[in-house]
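**Student:** Structure provided below as structure tokens; questions to follow.
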Amino acid sequence: MAGILDLSAREIAKAVHERSVSASEIAEAALARVRERDPHVGAYLSVTEELAREQARRVDERIAAGERPALAGVPTALKDNLCVTGTRTTCASKILENWIAPYDATAVRKLLDAGILPLGKTNLDEFAMGSSCENSALGVTRNPWDLGRVPGGSSGGSVASVASGTATFALGSDTGGSIREPAAFCGVVGFKPTYGRISRYGLIAFASSLDQIGPIANSVADAALVYETLAGFDPYDATTVEREVETVSGNLREDLRGVRVGIVKEFALDALDPAVREVYAQAYRDLERLGAELVEVELPTADYGVATYYLIAPAECSSNLARFDGMRYGLRVEKADVASTYEATRAAGFGDEVKRRILIGTHALSSGYYDAYYVKAQKARTAIADDFKRAFARCDLIASPAASTPAFTFNAKSDPVAMYLMDYYTIPVSLAGLPALSVPCGAVVPEDGTRPMPLGLQLAAPLFSERLLLGAAHAYERATQHALKLPRPQIAKAP
Ligand code: GLN
């Protein structure tokens, strides 16, 4: 029975369709595995046993009635900034620690309709602000490959659930890299679609012009299958795009012939540790071996990405998080008057990084500084997007590292800027709204470690080019099989 949990999403759904196993049997096996493994990893903030069982019963009834839901019986983990009716939805913040969501996010609803088994809600950096999961106010998540290291962030719990084999796939959210960087750190596939492709309704907002939901999976094919289920217009999210969703899962490529892959001049690998550099150099050679034509492209403004992002994202967060004031949602620290209640609630409810961002964002938006900071950052954002447009006139995809190092140890980055720089390669892509993913591309033993830790190759594509992006990533994954070559994670015992 446990063997079924190690199959792909498509294979699990097929087994359920053929009735060789029931969704209810899978739910019990998956929940048992969470109980066995997750105490070591800490991927979940809550395990939704009742919901998983109830949904499994519903799926089994639908199967009995002749339906074939695309993700029938697939064990799934959901980042805890996604609303799921009746579940605690905390954003890993004290301010929402006991808040129960009264509705389903559109992405969650679509997955439930497709037959997933929701196993639980996963840990994250508070309000998705961070790159290591260490900013969670509610729990510690460990990297399954080396429990002394961080899983990355902010979708750290979601990637750790997939990497430790407790979930077949998970949903994360990516604002500046929060799906791709942790996916790289944990040796799984993390995919951020084009901004506006997947509804953000029911995703608790961090920076609304950047936030995007996406799948984290063991393979590009599974990520593609989930993406097809999620993509599309939603009347509840005005930024979703009315545009047909191409089928991607049936169009995965076997090679890269005819694909021009841009290598970014400004992302020279010299800055990286030699062992890491060699892994990326090899990844580029592998793309070429598969038939891709490598072309050098320039992104002269990409270097301003991190500075630009750390004005725009905090500005939007300062506005989005203004709603958490103790009046309607979550924590309330009652004081004599309204102003002091706001103050006491927010002082007690938010962690340091969230407060830092609210301060930076409020300052950047304040009159007198607005033009100097916020407007300038918007101009830089446009310049970065224009750079990508020019680059994509010369190539079809852009390849780069997903992160400059493998996963680091806990408390290794006490300087906030050092943490912000973890998203150096992912942030420019986010500012331009482009689809991008991280796919395993090898491993290195960190200088301060003993175990090989995975690295991820980032591939980015023009707006709405998900089909090309996923197709090419699949060809690379199939030819290199890095995820399979890696030794099993410390926690996931071989079946
Ligand atoms: N690490 C970046 C930040 O801290 C990105 C986070 C994200 O994508 N949600 O803002």
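The values are calculated or read from the model by the stated rules, or taken from the named source; none is laboratory data. Quick caveat, the model's predicted, so the values are computed rather than measured. Here Cβ is always computed from backbone atoms with ideal geometry, including for glycine, and neighbour counts include all displayed protein chains. The accessibility values were calculated without ligands, DNA or RNA, using every heavy atom of the protein model including side chains. Shrake-Rupley method; radii C 1.70, N 1.55, O 1.52, S 1.80 Å.
**Student:** Quick one: in segment 181-198, which of the residues that are crowded, with 24+ Cβ neighbours inside 10 Å and away from the ligand (no atom under 13 Å from the Cβ) is nearest to the chain's Cα centre (by Cα)?
**Tutor:** Phe191
**Student:** Against the conditions (1) touching a residue at least 12 places away in the same chain (Cβ under 8 Å); (2) within 26 Å of the chain's Cα centre (by Cα), where does Ser24 fall short? Just the number, please.
**Tutor:** (2)
**Student:** Moving on to the next point. Failed condition for Ser132, given (1) among the hydroxyl-bearing types (Ser, Thr, Tyr); (2) in contact with a strand residue (DSSP E or B) (Cβ under 8 Å, 6 or more places away or on another chain); (3) open to solvent by less than 10 Å² (accessible area, probe 1.4 Å), with all others met?
**Tutor:** In the conditions (1) among the hydroxyl-bearing types (Ser, Thr, Tyr); (2) in contact with a strand residue (DSSP E or B) (Cβ under 8 Å, 6 or more places away or on another chain); (3) open to solvent by less than 10 Å² (accessible area, probe 1.4 Å), Ser132 misses (2) alone.
**Student:** When you scan segment 254-269, do you find a residue that is free of Cβ contacts under 8 Å to residues at least 40 places away in the same chain and in a helix (DSSP H, G or I), even just one?
**Tutor:** yes
**Student:** Could you check segment 280-317 and list, in sequence order, the residues that are open to solvent by less than 30 Å² (accessible area, probe 1.4 Å), more than 30 Å from Asp211 (Cβ to Cβ), assigned to a helix (DSSP H, G or I) and not aromatic (Phe, Trp, Tyr)?
**Tutor:** Scanning segment 280-317 gives Ala281, Asp286.
**Student:** Val295 - would you say it is over 27 Å from the mean Cα position of the chain (by Cα) and of a type outside the set (Ser, Thr, Tyr)?
**Tutor:** So Val295 passes the test.
**Student:** Shifting gears a bit: It is to be established whether one or more residues within segment 253-272 are more than 23 Å from the chain's Cα centre (by Cα), under 26 Å from Gly156 (Cα atoms), among the charged types (D, E, K, R) and open to solvent by 30 Å² or more (accessible area, probe 1.4 Å).
**Tutor:** Within segment 253-272, none of the residues are more than 23 Å from the chain's Cα centre (by Cα), under 26 Å from Gly156 (Cα atoms), among the charged types (D, E, K, R) and open to solvent by 30 Å² or more (accessible area, probe 1.4 Å).
**Student:** Now for a different question. Which residue out of Leu78, Leu31 is open to solvent by less than 10 Å² (accessible area, probe 1.4 Å), in a strand (DSSP E or B), under 29 Å from Glu126 (Cα atoms) and of a type outside the set (Gly, Ala, Ser)?
**Tutor:** Result: Leu78 is the single residue among Leu78, Leu31 that is open to solvent by less than 10 Å² (accessible area, probe 1.4 Å), in a strand (DSSP E or B), under 29 Å from Glu126 (Cα atoms) and of a type outside the set (Gly, Ala, Ser).
**Student:** Taking Thr175, is it in contact (Cβ under 8 Å) with a residue 24 or more places away in the chain, within 16 Å of the ligand (Cβ to nearest atom), surrounded by fewer than 24 Cβ atoms within 10 Å (Cβ to Cβ) and under 23 Å from Gly305 (Cβ atoms)?
**Tutor:** no
**Student:** Residues Ile26, Ile63, Ile12: which one is more than 17 Å from Ser161 (Cβ to Cβ) and either in a helix (DSSP H, G or I) or among the aliphatic types (A, V, I, L, M) (or both)?
**Tutor:** It is Ile63.
**Student:** Under 9 Å by Cβ, and 6 or more places apart or on different chains, what pairs join a residue from segment 417-432 that is touching a residue at least 40 places away in the same chain (Cβ under 8 Å) and of a type in the set (S, T, N, Q) with one that is open to solvent by 10 Å² or more (accessible area, probe 1.4 Å) and more than 10 Å from the ligand (Cβ to nearest atom)?
**Tutor:** Every condition considered, the pairs that remain are Ser430/Tyr195.
**Student:** In addition: Just give me the residues in segment 112-137 being away from the ligand (no atom under 16 Å from the Cβ) and among the small types (Gly, Ala, Ser), in sequence order.
**Tutor:** Hits for segment 112-137 are Ala114, Gly115, Gly120.
**Student:** Taking the criterion of being part of a helix (DSSP H, G or I) and under 20 Å from Asp174 (Cα atoms), would at least one residue in segment 471-485 satisfy it?
**Tutor:** yes
**Student:** Would you mind stating whether Asp423 is crowded, with 22+ Cβ neighbours inside 10 Å, acidic (Asp, Glu) and within 16 Å of the ligand (Cβ to nearest atom)?
**Tutor:** yes
**Student:** Continuing with this model, one more query. If we keep just the residues of segment 381-408 that are open to solvent by 40 Å² or more (accessible area, probe 1.4 Å) and farther than 20 Å from Pro193 by Cβ, which is nearest to the ligand (Cβ to nearest atom)?
**Tutor:** Of everything passing the filter in segment 381-408, Thr405 is nearest to the ligand (Cβ to nearest atom).
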